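Student: Can you keep this structure in mind? I'll have questions shortly.
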């Protein structure tokens, strides 16, 4: 599968909403940790453990919802599909870990990692908003506005946290 085909398939999947959801959680965690930065390994563990905890909570809630709405257990194929949704949420949350691992390896400074984590989170949320609008048939201007609007969710979070601290 080519990279273009992979991206196209991904953008047409449920995982898009899961990655966005996870990215918002990851962004919120990064903003909170930045206010009173713990040791770098604590940041890494916080992001990864949050990804696992939210992934497991998502799995549990989806299984309960599935069983109550359909009155039966999920099949292996349905569980596999659900598993990819959980991986997407966890990925969205854990992605900023990359920048903090680079701090631990002394490739980046702490401030740079926090800045990159926040801006890539905002960028990812905005790009997905733009892509969603384009794939649903919206024109370029409307798509740009939708991407900007959803990125404002993250920007609002960052602004709110900066005002509190």
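The values are calculated or read from the model by the stated rules, or taken from the named source; none is laboratory data. The model shown is predicted, which means the values in this text are computed figures rather than measured ones. Don't worry about glycine lacking a Cβ; one is built from the backbone with ideal geometry, like all the others, and counts go over all protein chains shown.
Student: Given the options 121, 83, name the one that is buried (at least 17 other Cβ atoms within 10 Å of the Cβ) and either at pLDDT below 90 or in contact with a strand residue (DSSP E or B) (Cβ under 9 Å, 6 or more places away or on another chain) (or both).
Tutor: 121
Student: Conditions first: (1) modelled with pLDDT under 95; (2) over 29 Å from residue 155 (Cβ atoms). Residue 105 passes all but one, so which condition is the exception?
Tutor: With respect to (1) modelled with pLDDT under 95; (2) over 29 Å from residue 155 (Cβ atoms), residue 105 is out only on (1).
Student: Looking at segment 93-100, can you tell me whether even one residue there is under 21 Å from the mean Cα position of the chain (by Cα) and modelled with pLDDT under 90?
Tutor: No - not one qualifying residue is present in segment 93-100.
Student: OK, next. Can you name the residue in segment 136-150 that is modelled with pLDDT of 85 or more and within 15 Å of residue 121 (Cα to Cα) and is also surrounded by the most Cβ atoms within 10 Å (Cβ to Cβ) among such residues?
Tutor: Selected residue: 147.
Student: Go through (1) exposed (fewer than 13 other Cβ atoms within 10 Å of the Cβ); (2) at negative phi for residue 106 and report which single condition fails.
Tutor: If we test residue 106 against (1) exposed (fewer than 13 other Cβ atoms within 10 Å of the Cβ); (2) at negative phi, just (2) comes out false.
Student: In addition: Can you tell me which residue in segment 35-60 is surrounded by the most Cβ atoms within 10 Å (Cβ to Cβ), limited to those that are part of a helix (DSSP H, G or I), over 18 Å from the mean Cα position of the chain (by Cα) and modelled with pLDDT of 90 or more?
Tutor: For segment 35-60, the residue satisfying everything is 40.
Student: Tell me which of these residue 115 doesn't satisfy, since it passes every other one: (1) surrounded by 14 or more Cβ atoms within 10 Å (Cβ to Cβ); (2) out of contact with any helix residue (DSSP H, G or I) (no Cβ under 6 Å at 6 or more places or on another chain); (3) modelled with pLDDT under 90; (4) farther than 13 Å from residue 16 by Cβ.
Tutor: Only one criterion in (1) surrounded by 14 or more Cβ atoms within 10 Å (Cβ to Cβ); (2) out of contact with any helix residue (DSSP H, G or I) (no Cβ under 6 Å at 6 or more places or on another chain); (3) modelled with pLDDT under 90; (4) farther than 13 Å from residue 16 by Cβ is unmet by residue 115, namely (3).
Student: Among the residues of segment 125-139, is any within 22 Å of residue 32 (Cα to Cα), under 20 Å from the mean Cα position of the chain (by Cα) and in contact (Cβ under 8 Å) with a residue 40 or more places away in the chain?
Tutor: Yes, some residue in segment 125-139 is within 22 Å of residue 32 (Cα to Cα), under 20 Å from the mean Cα position of the chain (by Cα) and in contact (Cβ under 8 Å) with a residue 40 or more places away in the chain.
Student: If we keep just the residues of segment 151-165 that are in contact with a helix residue (DSSP H, G or I) (Cβ under 7 Å, 6 or more places away or on another chain) and within 19 Å of residue 24 (Cα to Cα), which is modelled with the lowest pLDDT?
Tutor: Only one residue fits best here, namely 161.
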